[in-house]
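A short worksheet on the structure shown next.
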Amino acid sequence: MTGARIFFVGGLLSYRALFNWLSPWIFVPTFLIAPIFQILLFVYIGRSAGVASDKFYVVGNALQYAAIPCIFAMSNTIAGERFQQTLGFVLATPAARLPLFVGRSLPVILNGIAVCAFAFVVGGAIVGIDVPSSAVGPLALTIAVSAASCTGLGLLIAAVGLRVRETAVLNNIVFGVLLVFTGANVPLSDLPGWMSFLAQGMPLTHGIEAARRLADGASLSSVAGLIGAEAAVGAAYLVLGYALLRFMEWQSRRLATLESV
Amino acid sequence: MRNARLLGLGFLFHFKMLSRSGFNGLLAIVYPLFFATVAFFLFREGSPHALLYASLGASVMGVWSATSTSAGSALQRERWHGTLELLVAAPTHFSLVMLPITIAMSAVGIYSMAATLIWGRVLFGIDLHIAHPVSFVLAIPVTVISIGMFGFLIAVAFVRYRTAWALGNLLEYPVWLICGFLVPLTLFPSWVQPISWILAPTWGMRGIRQSALGGTPIPDIAICAGLGLAYTAIGVLLVDHLLRSARENATLALT
């Protein structure tokens, strides 16, 4: 029961307390307007280069932009404790670490889903893409799995943030890597072999591919493998992130680096 | 003469200061490279001319990228450092203090510009043949300084917002989009073009392209410089108005 409270209530409180982007002055420009302009940028580049359809870029960028809330929010809600001088108190508690850290990911996933869905709907409406109504439910599932998967990566980065000061820089670089590698804008078949190989182990790659097929009219069962792969990649990052968090906690106790900023 | 010295030294001081952070320097170089890489992959199926077009555009994207968010939060940073009140109270006009800061921010983008051109040359084989070298050498600093002056206007306009960095960050994509960095302006609806005409990066980009690919770059460079000066003039007027208001209402610190 205590674990469930830490997971749900503690996770929500930490998210609200540490993720200061929830102010409308940050939330609206960063999560609602910027993804629309990212979609428009690549739609127009795509039209200029004549490589793919508008739908290709709307789907790719709407899902890829989920990386911003999922990565930034996740790292802020854990690494942010250092800047608030509360990390020592958090780590001194007897609370189980799994609900303590992973519980913070649930609001982040919901944030990622909301941002992605908004970008998809508004970006798609502005550009004028057609998505079959039967695809709405499966697309919602794909978005949810992709956001959760990306949050797994966010947890890994949050763990690094216990030792690395410049998490904002790291987050931006990871966002850029996902932009290039995941096929959001460049079809995986057009990337060099080593890049498309590495992309298979990154969050969003399979989710974007599944969403594109669904938007083109494919059935949920035909993309179940891709959604499953996305979930598996996300789960792997979640486990890695949690393990690294525990390792960093142990290291910071051993080396007395907990509060070094 | 005193003002010119203040501007020059202020620029040098802030350029050095901005160059000190390895992490931020890395981000200023690497972040635009991701977008440039995507553009190179998309344009490489076209003609070599299209790839060079994209390479030049992507290189200027980095200058804007280095300016938009940083300039938006320039005053907020002084506020955090506790130096805003001191700078405002100094006998020197506040514009002479702020202008070198935002121009230094855009000048940091030159690292990104060079990195993008080298990246394109090494990994995508994009040769940079410059048709008018003298114009090219003139177009780059004029564009960078004009973008810095645009940053000055943004910094001043956002002085009352605690979260000015988010508003500055918001401007990154729209300017990339409508200033013709990677997309010809003719592809946009007609109502977009007048907006792009009042943005100095549009003309700077045209000047750089015409210098490199051939054409008549001087008028574009002149318009870019003129718009930069216009932004500065508007910014100076805004500074006077906003500082007077902040003094009257005791709102400079935003506490």
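Condition first: away from chain A (no Cβ under 13 Å) and in a helix (DSSP H, G or I). Can you find one or more residues in the stretch B:31-48 that meet it?
Within the stretch B:31-48, one or more residues are away from chain A (no Cβ under 13 Å) and in a helix (DSSP H, G or I).
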task: Within the stretch B:192-230, work out how many residues are touching a residue at least 12 places away in the same chain (Cβ under 8 Å) and surrounded by 15 or more Cβ atoms within 10 Å (Cβ to Cβ).
output: 26
query: Does residue A:162 meet the test of being at pLDDT below 95 and crowded, with 18+ Cβ neighbours inside 10 Å?
result: yes
- prompt: Across the stretch A:140-177, which residue is nearest to residue B:35 (Cα to Cα) among those that are in a helix (DSSP H, G or I) and facing chain B (nearest Cβ under 9 Å)?
  reply: A:176
task: Evaluate the following for residue B:130: is it over 22 Å from residue B:8 (Cβ atoms), more than 14 Å from every other protein chain (Cβ to nearest Cβ) and not hydroxyl-bearing (Ser, Thr, Tyr)?
output: yes
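So if I check each of A:7, A:31, A:19, which one is crowded, with 20+ Cβ neighbours inside 10 Å and within 11 Å of chain B (Cβ to nearest Cβ)?
The unique qualifying residue is A:31.
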- prompt: Looking at the stretch A:190-255, what helices (runs of 4 or more DSSP H) fall wholly within it and have at least 3 residues that are closer than 21 Å to residue A:142 by Cα and either among the hydrophobic types (A, V, I, L, M, F, W, C) or modelled with pLDDT under 95 (or both)?
  reply: A:205-215, A:224-255
statement: Within the stretch B:5-24, the residues that are surrounded by 13 or more Cβ atoms within 10 Å (Cβ to Cβ), at the interface with chain A (Cβ under 10 Å from one of its Cβ atoms) and either part of a helix (DSSP H, G or I) or in contact (Cβ under 8 Å) with a residue 12 or more places away in the chain (or both) are B:23, B:24
query: Does the stretch A:92-114 hold any residues that are among the hydrophobic types (A, V, I, L, M, F, W, C), surrounded by fewer than 16 Cβ atoms within 10 Å (Cβ to Cβ) and part of a helix (DSSP H, G or I), and which are they?
result: A:92, A:98
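Anything in the stretch B:117-150 that is of a type outside the set (A, V, I, L, M) and surrounded by fewer than 23 Cβ atoms within 10 Å (Cβ to Cβ)? List them, or say none.
B:119, B:121, B:124, B:125, B:127, B:129, B:132, B:133, B:135, B:136, B:141
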query: So which residues in the stretch B:136-154 are more than 12 Å from the chain's Cα centre (by Cα) and touching a residue at least 60 places away in the same chain (Cβ under 8 Å), if there are any at all?
result: B:136, B:138, B:139
- prompt: Quick one: would you say residue B:38 is out of contact with any Cys (no Cβ under 8 Å at 6 or more places or on another chain), surrounded by 24 or more Cβ atoms within 10 Å (Cβ to Cβ) and β-branched (Val, Ile, Thr)?
  reply: no
Members of the stretch B:169-178 that are more than 8 Å from chain A (Cβ to nearest Cβ) and either modelled with pLDDT under 90 or more than 30 Å from residue B:243 (Cβ to Cβ) (or both): B:178
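The values are calculated or read from the model by the stated rules, or taken from the named source; none is laboratory data. This structure is a prediction, so every number in the text was calculated from the model and none was measured. Here the Cβ is made from the backbone with ideal geometry for all residues, glycine too, and neighbour counts use every protein chain on show.
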